[in-house]
Amino acid sequence: MVFGRKDRRITRLLLVEDEPLVAFEVEHLLIHENYQIVATVDRVAQAVAIIRETQDIDLVLVDVELADGSGVEVARVATEHGIPVLFVTGNFPSHAEPLASGHLAKPFAQRDLLGAISAIDAALAGRAPRRLPNGFRLFAQTGASGEDRSPLVREGR
């Protein structure tokens, strides 16, 4: 099909969010948009265990402040396993920037979450995102192999 959607690199996501309503809404949105949710968890320990045990995660969406610790620890473990991380939080610590592909500020519109994931997907494919969504910062462009990070900080308005 000429006008069909392009293939995504990101299809399987791990959602780490301790606010039940936010987790439910994000999970519902992503499933509706044909993403696969590997798991939705609310604790650092659960997320770390899933990252260590699951081979097929394309992106981790993580809040910073979780019930049992910091999402920065989840991001550290994900990065060690070559998995890109999108922080979805209103309280993003600057020291976590090297661990993240991007940051989407809460509260966010659904289209901005989808746009943030698409921007990271484009960066993984070595393409420049067309437009960055509101409240989103793209920190680094990642090469196809997942190891090649160049400093890139761009913000959506």
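The values are calculated or read from the model by the stated rules, or taken from the named source; none is laboratory data. Predicted model, so just to flag it, every value in this text is computed and none were measured. Surface areas here come from the heavy atoms of the whole protein model, side chains and all, with no ligands, DNA or RNA. Shrake-Rupley method; radii C 1.70, N 1.55, O 1.52, S 1.80 Å.
Points to keep in mind about this one:
- Taking all protein chains as shown and a probe of 1.4 angstrom, S118 keeps an accessible surface of around 60 Å².
- Relative contact order computed over segment 1-147 (Cα-Cα under 8 Å; 6+ residues apart), in percent: 19
- Remark: accessible surface ordering of D63, D58 (largest first) is D58, D63, probe radius 1.4 Å.
- For segment 1-84, dividing the convex hull volume of the Cα atoms by the residue count gives 88 Å³ per residue.
- For E65, residues with placed amide H under 5 Å, excluding near neighbours: G71
- Computed over segment 22-73, relative contact order equals 32 percent, with contacts defined as Cα pairs under 8 Å that lie 6+ residues apart.
- Ranking D18, D56 from most to least accessible surface, computed with a 1.4 Å probe over the protein chains only, gives D56, D18.
- Of all DSSP bridge pairs formed entirely within segment 1-101, close to 15 percent run antiparallel.
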